[in-house]
Amino acid sequence: MTWPPLTLAQDATVAGAAAANGTIATITRSDGSTQVTYDGAPLYYFVGDTGAGQTNGQGLSGVWFVASPDAGPVRGTEPSPSEPVEPTY
């Protein structure tokens, strides 16, 4: 899976950074896992990012974008140099 959902371990909680302008919350997925959301949008991570601050999936296939503090996608940056892949939802 190229874009796994950002999920929490059982009984874990999540809190946002002080600079975040949106609401961080969770939803229960159909498989029973708990996925983190930002202003209602489910969050995913890219398996090609192996360290903090990496955004190798930015713009990948023209579908996947880094979430901004206003919960919208960050656009206007060059797509990732990675090979295009079909998104996995």
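The values are calculated or read from the model by the stated rules, or taken from the named source; none is laboratory data. Here the structure is a predicted model, which is why all the values come from computation and not from measurement. A quick note on method: Cβ atoms are made from the backbone with ideal geometry, for glycine too, and the neighbour counts reach across all protein chains shown. Remember, those area values only see protein heavy atoms, side chains included, never the ligands or the DNA or RNA. Shrake-Rupley method; radii C 1.70, N 1.55, O 1.52, S 1.80 Å.
Restricting attention to the range 36-72, which residues are of a type in the set (D, E, K, R) and either at pLDDT below 80 or open to solvent by 70 Å² or more (accessible area, probe 1.4 Å) (or both)?
Just the residues of the range 36-72 that are of a type in the set (D, E, K, R), to begin with: 39, 49, 70.
Asp39, Asp70 - these are the residues of the range 36-72 that are of a type in the set (D, E, K, R) and either at pLDDT below 80 or open to solvent by 70 Å² or more (accessible area, probe 1.4 Å) (or both).
Please list, ordered by first then second residue, the pairs with beta carbon atoms under 6 Å, 6 or more apart or interchain, first in the range 41-66 and of a type in the set (A, V, I, L, M), second modelled with pLDDT of 85 or more and not in a loop (DSSP other than H, G, I, E, B).
Cβ pairs passing all conditions: Leu43/Val36.
Can you give me the number of residues within the range 7-35 that are at pLDDT 90 or above and among the charged types (D, E, K, R)?
Going through the range 7-35 one residue at a time, the tally reaches 2.
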